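The values are calculated or read from the model by the stated rules, or taken from the named source; none is laboratory data. Computed from a prediction, not measured in an experiment: that's the story for all the values here. As a convention, Cβ positions derive from the backbone with ideal geometry for all residues, glycine included, and neighbour counts pool all protein chains shown. Protein only, heavy atoms only, side chains kept; ligands, DNA and RNA dropped before computing areas. Shrake-Rupley method; radii C 1.70, N 1.55, O 1.52, S 1.80 Å.
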Amino acid sequence: MNGSRRTFRGWLRSLVEPPAPSAPPPEPARPAGPSALELVEWVPEAVPGAPRAIAEQVIGTYRAIGRWPLPEDFLEVAAEHQGVRPSPASFDLPGGFVQSVEHLLHFEPDSFSNLVTRRFPLEGVLDDGVIPFAECLGSDVLCFDFREDRDAPSVAYWSVDTGLVPLAASFTAFVALLHD
């Protein structure tokens, strides 16, 4: 009898008290093999005058003055390959159209392909929280879209003809879409 009272009391207590926090579920194991970022070759010779690899202090300065925190996967690539073209570089747009990345924007001062400078002529067109990070053929741009999630921006394509077209949930997911 005494044992059943404890069980009943425990049950009653569980209805009144919030449950103890449980451990978060384990993250799924990453599949073996290279990530999408490792499958792309970054071609500096494709862009005349491509800037050199950047120092961590330059990225640190951008983080300090930048209003939008660039994603770590992009910064990982930009630190070694700023201003260069990925190979493969093509990606699909809705309606069966294909576009190509011309080059990543960079952190070098005094250039139209600088991350900060490239946004300037588009400020009146792009929504707040949409930040260009790469130039496409025809001067269209790839952008980080921070409007839904400030810490994990999605990737979108912008052109004067189409406006903003969502492409991928992250930079790494976008790189996985690249093809010949």
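Is it the case that some residue within region 92-101 is in a strand (DSSP E or B), at pLDDT 80 or above, of a type in the set (D, E, K, R) and crowded, with 20+ Cβ neighbours inside 10 Å?
Step one: of region 92-101, the residues in a strand (DSSP E or B) are 92, 98-101.
Imposing the further condition that a residue be at pLDDT 80 or above reduces the set to 92, 98-101.
Pick out the ones that are also of a type in the set (D, E, K, R) and you get 92.
In the following step, the residues that additionally are crowded, with 20+ Cβ neighbours inside 10 Å were identified as none.
Within region 92-101, not a single residue is in a strand (DSSP E or B), at pLDDT 80 or above, of a type in the set (D, E, K, R) and crowded, with 20+ Cβ neighbours inside 10 Å.
Restricting the search to region 116-129, which residues are modelled with pLDDT of 65 or more and either closer than 30 Å to Asp180 by Cβ or touching a strand residue (DSSP E or B) at 6+ places or on another chain (Cβ under 6 Å) (or both)? Working first, answer last.
First, pick out the residues of region 116-129 that are modelled with pLDDT of 65 or more: 122-129.
Across region 116-129, the qualifying residues are Leu122, Leu126.
How many residues does region 154-170 contain that are in contact with a Pro (Cβ under 7 Å, 6 or more places away or on another chain) and either open to solvent by 70 Å² or more (accessible area, probe 1.4 Å) or under 15 Å from Ser100 (Cα atoms) (or both)? Don't jump to the end; show me each part of the working.
Narrowing region 154-170 to residues in contact with a Pro (Cβ under 7 Å, 6 or more places away or on another chain): 154, 156, 165, 170.
Of the ones still in play, those that are also either open to solvent by 70 Å² or more (accessible area, probe 1.4 Å) or under 15 Å from Ser100 (Cα atoms) (or both) are 156, 165.
Qualifying residue count for the region: 2.
Return a yes/no flag: does region 157-173 have any residue that is out of contact with any Phe, Trp or Tyr (no Cβ under 9 Å at 6 or more places or on another chain), at pLDDT below 90 and aliphatic (A, V, I, L, M).
yes
Tally time: how many residues in region 130-153 are of a type in the set (D, E, K, R) and either open to solvent by 70 Å² or more (accessible area, probe 1.4 Å) or farther than 25 Å from Leu39 by Cα (or both)? Give the steps one after another, and end with the answer.
Residues of region 130-153 of a type in the set (D, E, K, R): 135, 140, 145, 147-151.
Filter once more, so that each one left must be either open to solvent by 70 Å² or more (accessible area, probe 1.4 Å) or farther than 25 Å from Leu39 by Cα (or both): 147-151.
Selection size over region 130-153: 5.
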